[in-house]
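See below for the structure under consideration.
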Amino acid sequence: MATLHPYLNFDGNAEEAFNFYQSVFGGEFSYFSRFSDMPESESIPENERNRIMHISLPIGNGSTLMGSDIMPSMGHKLIVGNNFYISIDTQGKEEVDRIFSGLSVDGSVEMQPQDTFWGAYFTMFTDKFGIRWMINYDYQSA
């Protein structure tokens, strides 16, 4: 059974936003990384290295508020309305592939399902109705 999580995008102020959300919901960040933590981060412009690559704040009942900053150097533009995804955690790669195959029909794929450096099988895409999705299987939780 999949679990849904909201995933928010910001333009350089993800850390500020998540510190605010933490002040409201409480708890501790379960994940916090900057783009400078990525392999080969020296290729990232200096003014973007400190941006948040991924941050997670558990907010109760198995839900986690997640987010990241956009990367203008990669052509990303934050527009209110495209600043969030629905993120789905799955029980296996087969479930990622099944959901991706169904939801991505006639949509736009941002990242094909693939293994990632952070230890997950992951995909990102926009469905034919303009809804943005991330589907993830975390190998460490298996």
| message | Under 6 Å between Cβ atoms, which residue pairs at least 6 apart in sequence (or on different chains) link something in region 14-33 that is within 21 Å of ILE70 (Cβ to Cβ) and among the charged types (D, E, K, R) with a partner that is open to solvent by less than 40 Å² (accessible area, probe 1.4 Å) and at pLDDT 95 or above? | response | GLU15/ILE52
| task | Would you be able to tell me the number of residues in region 1-47 that are part of a helix (DSSP H, G or I), of a type in the set (S, T, N, Q) and surrounded by 14 or more Cβ atoms within 10 Å (Cβ to Cβ)? | result | 2
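Which ranges mark the strands (runs of 3 or more DSSP E) fully within region 55-142 that have 3 or more residues being open to solvent by 30 Å² or more (accessible area, probe 1.4 Å), free of Cβ contacts under 8 Å to residues at least 60 places away in the same chain and of a type outside the set (Phe, Trp, Tyr)? Steps first, answer last, please.
Numbers: elements: 63-69, 84-89, 108-115, 120-126, 132-138.
Where strands (runs of 3 or more DSSP E) fall fully within region 55-142 and carry at least 3 residues being open to solvent by 30 Å² or more (accessible area, probe 1.4 Å), free of Cβ contacts under 8 Å to residues at least 60 places away in the same chain and of a type outside the set (Phe, Trp, Tyr), they are 108-115.
The values are calculated or read from the model by the stated rules, or taken from the named source; none is laboratory data. Note that the structure is a prediction, hence the values are computed from the model and not measured. Virtual Cβ from ideal backbone geometry, glycine too; neighbours counted across all protein chains shown. Areas reflect the complete protein model, heavy atoms only, side chains present, ligands, DNA and RNA absent. Shrake-Rupley method; radii C 1.70, N 1.55, O 1.52, S 1.80 Å.
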